[in-house]
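K.L.:
Got a structure for you, written out below as structure tokens; questions coming shortly.
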Amino acid sequence: MDIFCKIINGEIPSYKLYEDEIVLCFLDINPDTNGHCLIIPKKHYTDINDIDLDVLKHIFDVSKKIKKLLEDKLNIEGLTYIQNNGDVQEVKHFHLHLKPYYRNNEKKSVEEIYEILTK
Ligand code: AMP
């Protein structure tokens, strides 16, 4: 079982930001920037080739809520979406990266960012 399936079934903890019946959003454990997070479908899809388009649409709908959260709490100045497939994909469970951009920003720990985003 892949690591994201283990997060979904509760075997592995995560810094959860949002959850509904279709998706889960949590902070990336090794973030490129403050607030770097991942949105994953609860049902297992490997990558862009097998994901259901309705699920993909829902992921993008949810990404707008997360974008608003990042703007409100972290004052992000840009947001990059990344979705890897094949050899460049480390975890073989579909995920959309949301990577905030800041003109100037000091890197904080994942714990500190989680506190800011959830308080
Ligand atoms: P990739 O598959 O290359 O698109 O990236 C996988 C991402 O998952 C990387 O940015 C990792 O830091 C992240 N990651 C791996 N394991 C965990 C975990 N247990 N919790 C949160 N993020 C993770």
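The values are calculated or read from the model by the stated rules, or taken from the named source; none is laboratory data. Keep in mind the model is a prediction, meaning the values are calculated, not measured. Neighbour counts run over all protein chains shown; Cβ positions are idealised from the backbone, glycine included. With ligands, DNA and RNA removed, areas are computed over all heavy atoms of the protein, side chains included. Shrake-Rupley method; radii C 1.70, N 1.55, O 1.52, S 1.80 Å.
K.L.:
Restricting attention to the stretch 54-94, which residues are loosely packed, with under 11 Cβ neighbours inside 10 Å and within 22 Å of Asp2 (Cα to Cα)?
P.N.:
The answer is Gly86, Asp87, Val88, Glu90.
K.L.:
Same structure, new question: Report whether or not Lys65 is touching a helix residue (DSSP H, G or I) at 6+ places or on another chain (Cβ under 7 Å), part of a helix (DSSP H, G or I) and under 23 Å from Lys119 (Cα atoms).
P.N.:
No: the conditions fail for Lys65.
K.L.:
Find the residue count for the stretch 95-119, including only residues that are open to solvent by less than 50 Å² (accessible area, probe 1.4 Å) and not hydrophobic (A, V, I, L, M, F, W, C).
P.N.:
5
K.L.:
Restricting attention to the stretch 94-119, which residues are assigned to a helix (DSSP H, G or I) and of a type in the set (Ser, Thr, Tyr)?
P.N.:
Step one: of the stretch 94-119, the residues assigned to a helix (DSSP H, G or I) are 110-118.
Passing the criteria: Tyr114, Thr118.
K.L.:
Test Asp54 against the criterion of being modelled with pLDDT of 95 or more, charged (D, E, K, R) and within 23 Å of Ile8 (Cβ to Cβ), and give yes or no.
P.N.:
Taking the combined requirement at face value, the residue satisfies it.
K.L.:
Only residues in the stretch 80-94 that are among the hydroxyl-bearing types (Ser, Thr, Tyr) count as the first member; pair them with residues that are more than 8 Å from the ligand (Cβ to nearest atom) and open to solvent by 60 Å² or more (accessible area, probe 1.4 Å), Cβ under 7 angstrom, at least 6 apart or cross-chain, and list the lot.
P.N.:
Thr80/Tyr101
K.L.:
Then there is this: Take the residues in the stretch 1-13 that are of a type in the set (A, V, I, L, M) and out of contact with any strand residue (DSSP E or B) (no Cβ under 8 Å at 6 or more places or on another chain), then tell me which one is most open to solvent (accessible area, probe 1.4 Å).
P.N.:
Quick first cut of the stretch 1-13, residues of a type in the set (A, V, I, L, M) only: 1, 3, 7-8, 12.
Filter once more, so that each one left must be out of contact with any strand residue (DSSP E or B) (no Cβ under 8 Å at 6 or more places or on another chain): 1, 3, 12.
Working: Met1: 147, Ile3: 83, Ile12: 53 Å².
Ranking the qualifying residues of the stretch 1-13, first place goes to Met1.
K.L.:
Then there is this: Does Gly35 fit the bill of being within 27 Å of Lys73 (Cα to Cα) and out of contact with any strand residue (DSSP E or B) (no Cβ under 7 Å at 6 or more places or on another chain)?
P.N.:
Spelling it out, it is not the case that Gly35 is within 27 Å of Lys73 (Cα to Cα) and out of contact with any strand residue (DSSP E or B) (no Cβ under 7 Å at 6 or more places or on another chain).
K.L.:
Taking Gly78 as the residue in question, decide whether it is modelled with pLDDT of 95 or more, within 11 Å of the ligand (Cβ to nearest atom) and small (Gly, Ala, Ser).
P.N.:
no
K.L.:
Specify the residue that is surrounded by the most Cβ atoms within 10 Å (Cβ to Cβ); the eligible residues are those in the stretch 14-37 that are near the ligand (Cβ under 8 Å from one of its atoms) and without any contact (Cβ under 8 Å) to a residue 40 or more places away in the chain.
P.N.:
Going through the qualifying residues, I end up with Ser14.
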